[in-house]
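Q: First the structure, which I've put down as structure tokens, then a few questions once you've had a look.
The values are calculated or read from the model by the stated rules, or taken from the named source; none is laboratory data. Not measured: the values here are computed from a predicted model. No Cβ is skipped: glycine too gets one built from the backbone with ideal geometry, and neighbour counts run over all protein chains shown. Side chains are part of the model used for accessible areas, which takes the heavy atoms of the whole protein and leaves out ligands, DNA and RNA. Shrake-Rupley method; radii C 1.70, N 1.55, O 1.52, S 1.80 Å.
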Amino acid sequence: TVLISCLFGIASVAVVIAMTKTTNRKILVLTDAETKKTPYTASPTAYTALAGILFVSALCGALISKYAISGIAIVKLGICYLAILGAAVIDYKLRIIPNYIPLTLVATWVLIFIYESCFGNGSVQTLIASAIGCLLCFLMLLLGNRFSKGGIGGGDIKLLSCVGLMCGAYMVFTTLLLALICCCIFASASLLTKKMTLKNSVPFGPFIYLGYVLMCLMTLY
């Protein structure tokens, strides 16, 4: 448990640093004044946020290692955690989630499925559970996108659908529900304090990360 907790913390810091650099490189090539974004900078606030992510990641790693049903489950939950964290870092500044993040989840799932088919048991059940989690999440979010007129972005749909593929329907829908609750609380508070209006939009990636963290902290045990 201690080893996995440390690995979670170290890997999370590495992902944050890598995605921060990627985000800043993309920001530097934006020349249109209307799309210019402020890059991440080294500051006390940034270091405090990084320390908070390190602590939360280590805590999630400890809970996952303790309560996950198998070593494969630990790998799936860990890869999803890092992917969602990386997506949150990029989405916060650029309002996009790059395709390589959900594609990484798909590639990981394929490798795990091949491994389970060759050396494990229950590959058919795994396939069915993954398909249900992915398809149900995709269809529900697609409907949400239509009804909200694009309020749910395509990157969010692809990311959560791939989380459903990796972890199944229960975990992805729990993550989504908690993410929506966090987003609603933030939006309501921002409207009440007049820090934003109904015309403003917020990136959903950071809330997906919060939802996934809360899912790990509240529902794994």
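Q: Top to bottom by accessible area (1.4 Å), largest first, where do 173, 186 land?
A: Numbers: 173 55, 186 95 Å².
Result of the area sort, largest leading: 186, 173.
Q: Could I ask something else about it? Normalised by the residues of region 66-184, what does the relative contact order come to in percent, with Cα pairs under 8 Å and at least six apart?
A: Working: 106 pairs, mean separation 34.0, N = 119.
It comes to 29 percent, rounded to a whole number.
Q: In addition: Are any of the pairs 76/199; 26/158; 37/195 more than 27 Å apart by Cα-Cα distance, and if so, which? Spell out each step's value before the answer.
A: Working: 76/199 37 Å; 26/158 21 Å; 37/195 18 Å.
Check vs 27 Å cut-off fails for 76/199.
Q: Now a separate question. Which value, in debye to the nearest 20, gives the size of the charge dipole of the chain about its Cα centre, when Lys and Arg are +1 and Asp and Glu are -1 at the Cβ? Could the numbers behind the result be given before it?
A: Working: 15 positive and 5 negative charges, 127 e Å.
Dipole magnitude for the chain comes out near 600 debye.
Q: For the chain, set up a GNM with springs between Cα atoms under 10 Å and report which of 42, 83, 131 has the largest fluctuation.
A: Comparing 42, 83, 131 in a Gaussian network model of the chain, the most mobile one is 42.
Q: Keeping the other protein chains in place, figure out the carbon and sulfur percent of the accessible area of region 132-219, with a 1.4 Å probe.
A: Numbers: 3510 of 4700 Å².
Carbon and sulfur: 75 percent of the exposed surface of region 132-219.
Q: Hey, how many Å between the Cα centroid of region 41-68 and the Cα centroid of region 80-98?
A: After rounding, the separation between the Cα centres reads 15 Å.
Q: With every protein chain present, what is the per residue accessible area of the chain (1.4 Å probe, Å²)?
A: Values: 12280 Å² over 221 residues.
Accessible area per residue, the chain: 56 Å².
Q: Moving on. Need one word for region 135-221: rounded, prolate or oblate. Basis is the Cα gyration tensor (sqrt eigenvalues a ≥ b ≥ c); a/c below 1.5 gives rounded, then a/b vs b/c decides. Display every interim value, and only then the final one.
A: Details: a/c = 2.69, a/b = 1.35, b/c = 2.00.
Because a/c hits 1.5 or more and a/b fails to exceed b/c, region 135-221 counts as oblate.
Q: Of 109, 186, 80, which is farthest on the positive side of the dipole of region 63-210, counting Cα position, with +1 on Lys and Arg Cβ, -1 on Asp and Glu Cβ, and the Cα centre as origin?
A: So the residue furthest toward the plus end is 186.
Q: Which value at 222 nm does the chain reach when only helices count, each DSSP H run of 4 or more adding -39,500 (n - 2.57), with the total divided by all residues and rounded to the nearest 500 deg cm²/dmol? Before the final figure, lay out the partial values.
A: Details: 8 runs with 173 residues, N = 221.
Only helices count here, giving -27000 deg cm²/dmol.
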